[in-house]
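J.: Got a structure for you, questions after.
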Amino acid sequence: MSQSATPAEKTPFHLKGNFAPVFDERTELDLQVTGAIPPQLEGRFFRNGANPQSGWSPHWFLGNGMLHGVELRGGRATWYRNRYVRTPLLDDPEGARISPEGEIDHTRSCANTHVIRHAGRILALEEGSFPFEVDENLETVGVHDFGSKLHSAMTAHPRTCPETGELLFFGYSALPPYLVYHRVAADGTLVQSEEIEVKGPTMMHDWNITRNHVVFMDLPMVFDLSLLASGMPIRWDDDYGARLGVMPRNGTNDDVEWYEIDPCYVFHPMNSYEDGDRIVLDVARFAKLSMSLADDGGAPAVLHRWIIDRAAGKVIEQPLDDRPGEFPRVHDRVIGLKHRFGYMAGVGSDLSALGTSLRKYDVERDSSWTHELGAGCQAGEPVFAPNPGAAAEDEGWILTFVYDPATDKSDLVIIDAQEFDKPPVARIHLPTRVPFGFHGSWLPDDA
Ligand SMILES: [Fe+2]
């Protein structure tokens, strides 16, 4: 593998330290554990991230996708595996993404952002492309375009409705149509696709669902093709404005109600739900965002609440915290429904200090707990794994990879979500480091 020729002092944050890629694809069966793995956790924890095969990428978001997984069974950690998601972009880096006729090849995916399961398929996702299916051992099965019905990119942040089993998602693009909405039935059939009008080529990383609606975020991070040479042709636009679009889940563009909000950017909502005529959205809100590597993304996000008052035709905005955080998650059972608990990774002064602590919020009682990680350690996204059959929303465990610079290795850490500020109940010691990445899922055997 060729390594970057960039002088060390100029190496961007996403290629240094534990952001730097690993190059071995490993299968490790003999894992050491401190503590006791809850025997109720039967399944696999998978997490995706950018891991440039060449050793270099122009931006953190643009490395080839590598999945890291740990299987838990009978109170044991039976394996750790890491595998590239094998896409045409991985095998042929020089190929063209846009044809001379202007057609986008949605199979040229980094496949690096998230990994989910729906209708029995495990999908590696990246927002500019089609999903790629992988198996339970992280081997790539191939591209999944919903039986040739999908004709846009698919966000890396679809939502599975816990009540209907539907998979709701959208795709955005730098070229028209800029936004397309999709609804997939519980059996995996793509049943609806609708073009949605937005002001321009906005980067819509994530979105929101509720019991009856979806909420689009039309925010001022827009494509600017004059920046193509930078590798990330997206910039803040002071003139674009910002708005939220509410649409019935089986609606069309004509049904979208748009609500103006103060300009900002949100990569990741925590959750959203309906409260009568109001829609409540808890989000990790950046006051302003930069995609430039020169400033490591700018000031980090803070948990914020938007309340869309549909009767009054306006949005009420209020901060829920003043401490930076990202990668918000809730129990999958409350997605689109009223949540009480949420989890986030605490963030230091910039994105390279992501996950320096973990945080649990009780948004009903306006309280929070912090899980400290130890000197220099950094965690990833906190993923909630429920105790099967449990009634309480927080009865389960938080799973996340934690990197320790003292050993240059990572652990899969298991934290009792009801004893959040206590030490982990188990640490599964991996014989390698897991580079800081993006999103993951707990995939229980019984789901
Ligand atoms: Fe994301």
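J.: Working only within segment 294-344, note down all residues that are part of a loop (DSSP other than H, G, I, E, B) and within 16 Å of the ligand (Cβ to nearest atom).
T.: Passing the criteria: Gly297, Pro300, Ala301, Val330, Ile335.
J.: Being out of contact with any helix residue (DSSP H, G or I) (no Cβ under 9 Å at 6 or more places or on another chain) and hydroxyl-bearing (Ser, Thr, Tyr) narrows it down to one residue among Ser152, Ser129; which is it?
T.: Only one candidate passes the filter, namely Ser152.
J.: So Leu303 ticks every box in (1) surrounded by 14 or more Cβ atoms within 10 Å (Cβ to Cβ); (2) over 24 Å from Gly346 (Cα atoms) but one. Which box is left unticked?
T.: In the conditions (1) surrounded by 14 or more Cβ atoms within 10 Å (Cβ to Cβ); (2) over 24 Å from Gly346 (Cα atoms), Leu303 misses (2) alone.
J.: Residues that are open to solvent by less than 20 Å² (accessible area, probe 1.4 Å) and more than 20 Å from the chain's Cα centre (by Cα): does segment 363-372 have at least one?
T.: yes
J.: Please find, among Thr87, Thr107, the residue that is under 21 Å from Asp24 (Cα atoms), within 22 Å of the chain's Cα centre (by Cα), more than 16 Å from the ligand (Cβ to nearest atom) and modelled with pLDDT of 95 or more.
T.: Testing whether each residue is under 21 Å from Asp24 (Cα atoms), within 22 Å of the chain's Cα centre (by Cα), more than 16 Å from the ligand (Cβ to nearest atom) and modelled with pLDDT of 95 or more leaves just Thr87.
J.: Condition first: of a type in the set (Val, Ile, Thr) and surrounded by fewer than 15 Cβ atoms within 10 Å (Cβ to Cβ). Can you find one or more residues in segment 335-352 that meet it?
T.: No, segment 335-352 has no match at all.
J.: Pairs, please: C-beta under 8 Å, at least 6 apart or cross-chain, first residue farther than 15 Å from Glu419 by Cβ and in segment 389-406, second part of a strand (DSSP E or B) and of a type in the set (S, T, N, Q)?
T.: Qualifying pairs under 8 Å: Phe401/Ser410; Val402/Gln378; Val402/Ser410; Tyr403/Gln378; Tyr403/Ser410; Asp404/Ser410.
J.: Return yes or no: is His144 touching a His at 6+ places or on another chain (Cβ under 7 Å) and either buried (at least 16 other Cβ atoms within 10 Å of the Cβ) or free of Cβ contacts under 8 Å to residues at least 12 places away in the same chain (or both)?
T.: No: the conditions fail for His144.
J.: Before we move on, is Thr34 β-branched (Val, Ile, Thr) and surrounded by 18 or more Cβ atoms within 10 Å (Cβ to Cβ)?
T.: no
J.: When you scan segment 388-402, do you find a residue that is within 16 Å of the ligand (Cβ to nearest atom), within 21 Å of Gly440 (Cβ to Cβ), among the small types (Gly, Ala, Ser) and under 21 Å from the mean Cα position of the chain (by Cα), even just one?
T.: No; the residues of segment 388-402 include none that is within 16 Å of the ligand (Cβ to nearest atom), within 21 Å of Gly440 (Cβ to Cβ), among the small types (Gly, Ala, Ser) and under 21 Å from the mean Cα position of the chain (by Cα).
J.: For Arg285, all conditions in the list (1) away from the ligand (no atom under 16 Å from the Cβ); (2) open to solvent by 30 Å² or more (accessible area, probe 1.4 Å); (3) of a type outside the set (Phe, Trp, Tyr) hold save one; what is the number of the exception?
T.: In the conditions (1) away from the ligand (no atom under 16 Å from the Cβ); (2) open to solvent by 30 Å² or more (accessible area, probe 1.4 Å); (3) of a type outside the set (Phe, Trp, Tyr), Arg285 misses (1) alone.
J.: Another question, if that's okay. Could you tell me which residue of segment 163-205 is farthest from Met217 (Cα to Cα), considering only residues that are of a type in the set (S, T, N, Q) and more than 19 Å from the chain's Cα centre (by Cα)?
T.: The extreme case among them is Thr189.
The values are calculated or read from the model by the stated rules, or taken from the named source; none is laboratory data. What you see is a predicted model; the values in this text were computed from it and never measured. We place every Cβ from the backbone using ideal geometry, glycine too, and count neighbours over all the protein chains shown. Surface accessibility is based on the protein's heavy atoms, side chains included, excluding ligands, DNA and RNA. Shrake-Rupley method; radii C 1.70, N 1.55, O 1.52, S 1.80 Å.
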